[in-house]
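Asker: Supplied in structure tokens, the structure appears directly below.
The values are calculated or read from the model by the stated rules, or taken from the named source; none is laboratory data. Computed from a predicted structure; not experimentally measured. With ideal geometry, Cβ positions are generated from the backbone for all residues, glycine too; neighbour counts draw on all protein chains shown. Keep in mind that these areas ignore ligands, DNA and RNA; they rest on the heavy atoms of the full protein, side chains included. Shrake-Rupley method; radii C 1.70, N 1.55, O 1.52, S 1.80 Å.
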Amino acid sequence: MTSAGLWDDEYDVVVVGSGAGAMTGAFAAASDGLRTLVLEKTPLLGGTSAYSGSAAWLPGSQVQERAGIGDSTESARTYLRALLGEDTARRREAFLTTAPEVVEFLERDPAIEFEWRAFPDYFDAPGRMDAGRSFVPLDLPADRLGDLLPLVRPSVDRDRAGQPHPEGPLTAGRALIGRLLLALTGTGNGFVRTGARMTGLVIEDGRVTGVEAETSQGPVRIRAARGVLMAAGGFEGNGPMRERNGVPGAAAWTMAPRGTNTGEPIEAAVAIGAATDLMDQAWWCPGVEQPDGAAAFTLGFRGGIMVDASGRRFANESLPYDRMGREMAAAADRVPAHLVFDSRFGGGLPAISLPGRPAEEHLASGTWVRAETVEELAELLGVPKETLTATVERFNGFAALGVDEDFHRGEDPYDLFFADRSHGGPNPCLVPLDRAPYYAARVVLSDLGTKGGLRTDEDGRVLDGQDAPIPGLYAAGNTSASFAGRHYPGPGVPIGSAMVFSYRAVRDMAAR
Ligand SMILES: Cc1cc2nc3c(=O)[nH]c(=O)nc-3n(C[C@H](O)[C@H](O)[C@H](O)COP(=O)(O)OP(=O)(O)OC[C@H]3O[C@@H](n4cnc5c(N)ncnc54)[C@H](O)[C@@H]3O)c2cc1C
């Protein structure tokens, strides 16, 4: 905390972070005529949002209407109510009623266009859309960004390898960030400053009036006359902070870009009295361990079985990734787990892995092992031979029968979405393991970001310990405690909710 002195720069709104929520909030503020600055700590815009599949779970909007899929705010309300109960009812309602407005607002700009993409909701609950209700931006031709292109963070495989964007249009998360950047800069009121790490909040008469930041030119103080919106990710990249708050997994295994989300904005708000919630929570996923010790977001298992240190299966491998992550976190002998698979997938992983590395690299580094028999595989893994053999035999029996009597794999529309129907068995999610050589890939508990953070109200206003809003301070995305609590209801909830609460935050600032 500090009292105000001279300002180095002045804006109406300062947005900390540059993911999909931050950029949506900044664009909304700038289009309301407010001079708006996006402050980003790294040299690149987009954070984890740029790595993402860009799915946005914004129910009942004109995009689902165009797709004719029969989605509605009411069915999404039924679904969320069934999953989340009444815990965050006010924020849930704000989310539901504002989602269509955000989409309408965004698509009014010529830079932004979305299309519905099939991807089932994650829970079997009333109001679920089996085909899914989330949508993605259209690919963005790179030349539309011109000089702005190098500012957008590349996809995870290129970024981790230190490579720039490939030839061709920007897709998925890069398209989303690129489109929002075009819209923001097109207002004439929106500015971005990279390489500026927010370190503290400035308070005047009990109101947040600006931020302090570290830049290559030294520390600066930037005024935010209407308010500060912090949409700067969680603290997934901060090992000690994870440990203090009991977040399972590890900073080395998170999917957030290196050096991004280490929680300074959360800590700065706590230092002035902000309350937090859900601090041990994350959006989890299984992560195939990489030769360099990092993890790769892994989903869409088309084959193989996941076993714990005793050589036993412990869950339906086809579960949505956050639910599988929670299963892994539930017992110490499940991290690392091993994905055991056979050669029918050409020696490749029977799943989507972001980023993916060639099998030979994994085998050379020891993150995968290969053997001619299941017994030999067990020996290489150090798991009991008899147990792993029995597990594989039992699973092969289920595959022949078409029924997973242990974990019901293949009974949910989500399981079937990624299924490989080419193997011809009675249940496309139960693919036998019977073609040597056999493989096992080491799987750790990864995450797409922490989702505990600052307590906020339905307008993204940060609350203090008495649940009173701290004037001038707002939070959204993974900087705030998620309205979805301990659930990941469907594809695109992290990004969709970050967009809605950022939008509501700046509308609240504009109205004051
Ligand atoms: C491969 C992959 C696919 C995914 N697909 C989807 C999907 O399709 N749909 C979906 O909803 N979610 C998806 N996710 C999850 C989702 O991308 C993230 O949970 C979400 O984007 C987080 O948004 P955010 O705005 O909170 O943080 P981010 O997008 O990570 O942005 C935070 C930004 O704030 C900056 N920052 C941090 N601290 C400071 C500071 N002190 N000062 C200034 N700047 C700071 C960071 O550098 C970063 O650029 C996916 C994740 C991955 C890895």
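Asker: Can you grab the distance from the C-alpha centre of region 250-266 to the C-alpha centre of region 337-384, Å, no decimals?
Answerer: Spelled out, the Cα-based centre of one part sits 28 Å from the other.
Asker: Let's test the formula: R0 of 30 Å, r as the Cβ-Cβ distance of S343 and D406. What FRET efficiency results, to the nearest 0.05?
Answerer: In this case the efficiency is close to 0.80.
Asker: Something else about it: Would you mind checking the tilt of helix 73-84 against the longest principal axis of the Cα atoms of the chain, expressed as 0 to 90 degrees and rounded to 10?
Answerer: Roughly 70 degrees between the two axes.
Asker: Then there is this: Quick one: what are the phi-derived ³J(HN,Hα) couplings along region 424-430, Karplus 6.51/-1.76/1.60 with θ = phi - 60°, whole Hz, x for glycine and proline?
Answerer: Couplings: x, x, x, 10, x, 8, 10 Hz.
Asker: Still on this structure, I have one more. In percent, what relative contact order does the chain have, based on Cα pairs under 8 Å that are 6 or more apart in sequence?
Answerer: Computed over the chain, the figure is 23 percent.
Asker: On to the next question. Taking the Cα centre of region 434-477 as origin and charging only Cβ (+1 Lys, Arg; -1 Asp, Glu), how large is the dipole, in debye to the nearest 20?
Answerer: The dipole magnitude comes to about 380 debye.
Asker: Please calculate the 1.4 Å probe accessible area of I305, with all protein chains present, and give it to the nearest 10 Å².
Answerer: The value for I305 is about 0 Å².
Asker: Quick one: P(r) of region 449-492 from all Cα-Cα pairs, 5 Å bins, percents rounded to integers, in order of increasing distance.
Answerer: Cα pair-distance distribution for region 449-492, in percent: 5, 25, 29, 21, 12, 5, 2.
Asker: With the cut-off at 19 Å, report for region 144-243 the share of all Cα pairs above it, as a whole percent.
Answerer: Value for region 144-243: 60 percent of Cα pairs lie more than 19 Å apart.
Asker: Considering only the other residues whose Cβ falls under 12 Å of the Cβ of M241, what net charge follows from Lys and Arg at +1 and Asp and Glu at -1?
Answerer: So the environment of M241 carries a net charge of -3.
Asker: While we're on this one: How large is log10 I(q)/I(0) at q = 0.07 Å⁻¹ when the Debye formula is applied to the Cα atoms of the chain, each weighted equally and without solvent?
Answerer: -0.38
Asker: With a 1.4 Å probe and all protein chains in place, put I352, I177 in order of accessible area, largest first.
Answerer: The ordering from most to least exposed comes out as I352, I177.
Asker: Ranked highest first by average number of other Cβ atoms within 10 Å, how do 219-227, 471-479 line up?
Answerer: 471-479, 219-227
Asker: For helix 385-401, report the angle its Cα long axis makes with the longest principal axis of the Cα atoms of the chain; keep it between 0 and 90° and round to the nearest 10°.
Answerer: Approximately 90 degrees, to the nearest 10.
Asker: Related question: Once each part is reduced to its C-alpha centroid, what is the distance from region 155-221 to region 426-494 in angstrom?
Answerer: 22 Å
Asker: Quick one: what are the phi-derived ³J(HN,Hα) couplings along region 23-39, Karplus 6.51/-1.76/1.60 with θ = phi - 60°, whole Hz, x for glycine and proline?
Answerer: Whole-Hz 3J(HN,Hα) from phi for region 23-39: 5, 5, x, 5, 5, 5, 5, 5, 6, 7, x, 8, 5, 10, 10, 9, 10.
Asker: Let me ask something else about it. How big is the charge dipole of the chain about its Cα centre, in debye rounded to the nearest 20, if each Lys and Arg gets +1 on its Cβ and each Asp and Glu gets -1 on its Cβ?
Answerer: About 580 debye.
Asker: Compute the long axis of helix 89-107 from its Cα atoms, compare it with the longest principal axis of the Cα atoms of the chain, and write down the angle in degrees, 0 to 90, nearest 10.
Answerer: 80 degrees
Asker: Using the charge dipole of the chain (Lys, Arg: +1 at Cβ; Asp, Glu: -1 at Cβ; taken about the Cα centre), state which of V192, G425, L349 has its Cα farthest towards the positive end.
Answerer: Towards the positive end, the residue furthest out is V192.
Asker: Kindly provide the helix-only [θ] at 222 nm of the chain, computed as the sum of -39,500 (n - 2.57) over DSSP H runs of four or more divided by all residues, to the nearest 500 deg cm²/dmol?
Answerer: Computed mean residue ellipticity for the chain: -9000 deg cm²/dmol.
Asker: Dipole of region 85-190 (Lys/Arg Cβ +1, Asp/Glu Cβ -1, origin at the Cα centre): which of F105, L148, L182 lies farthest to the positive side?
Answerer: In region 85-190, that residue is L148.
Asker: I would also like to ask the following. Over the chain, give the accessible area per residue in Å² for a 1.4 Å probe, as an integer.
Answerer: Here the per-residue accessible area is 36 Å².
Asker: Sticking with this one: Give me the percent of accessible area attributable to carbon and sulfur for region 282-447, probe 1.4 angstrom.
Answerer: Ligands and nucleic acids excluded, carbon and sulfur give 51 percent.
Asker: Next up: With point charges of +1 on the Cβ of Lys and Arg and -1 on the Cβ of Asp and Glu, referenced to the Cα centre of region 282-447, which listed residue (P413, A371, A400) lies farthest in the positive direction of the dipole?
Answerer: After comparing all options, I get P413.
Asker: Now for a different question. Between R394 and V270, take the C-beta separation as r, use R0 = 35 Å, and let me know the FRET efficiency to the nearest 0.05.
Answerer: 0.10
Asker: Can you divide the C-alpha Rg of region 282-447 by 2.2 N^0.38 Å and report the result to two decimal places?
Answerer: In units of the globular-protein estimate, region 282-447 measures up at 0.93.
Asker: Using the Cα centre of region 282-447 as the reference point, and only Cβ charges (+1 on K/R, -1 on D/E), how large is the resulting charge dipole? Debye, rounded to the nearest 20.
Answerer: Magnitude of the dipole: close to 200 debye.
Asker: For the pair D147 and T194, what calculated FRET efficiency results from E = 1/(1 + (r/R0)^6), where r is the Cβ-Cβ distance and R0 = 22 Å, to the nearest 0.05?
Answerer: About 0.95, to the nearest 0.05.
Asker: Related question: Once you place label points 7 Å from the Cα toward the Cβ at R421 and E74, how far apart are they in nm?
Answerer: So the two model labels end up 3.3 nm from each other.
Asker: Something else now. Can you list the residues, at least 5 places off or on another chain, whose amide H is less than 5 Å from the amide H of A224, using H built in the peptide plane?
Answerer: Those qualifying (amide H under 5 Å, at least 5 residues apart or on another chain) are Y11, G210, V211.
Asker: Just add up the charged neighbours of D457: K/R +1, D/E -1, any other residue whose Cβ is under 15 Å from the Cβ of D457.
Answerer: Within the 15 Å Cβ shell, the charges total 0.
Asker: Now a separate question. I want the local charge near P154. Using Cβ-Cβ distances under 14 Å, sum +1 for each Lys or Arg and -1 for each Asp or Glu among the other residues.
Answerer: Once all neighbours under 14 Å are counted, the net charge is +2.
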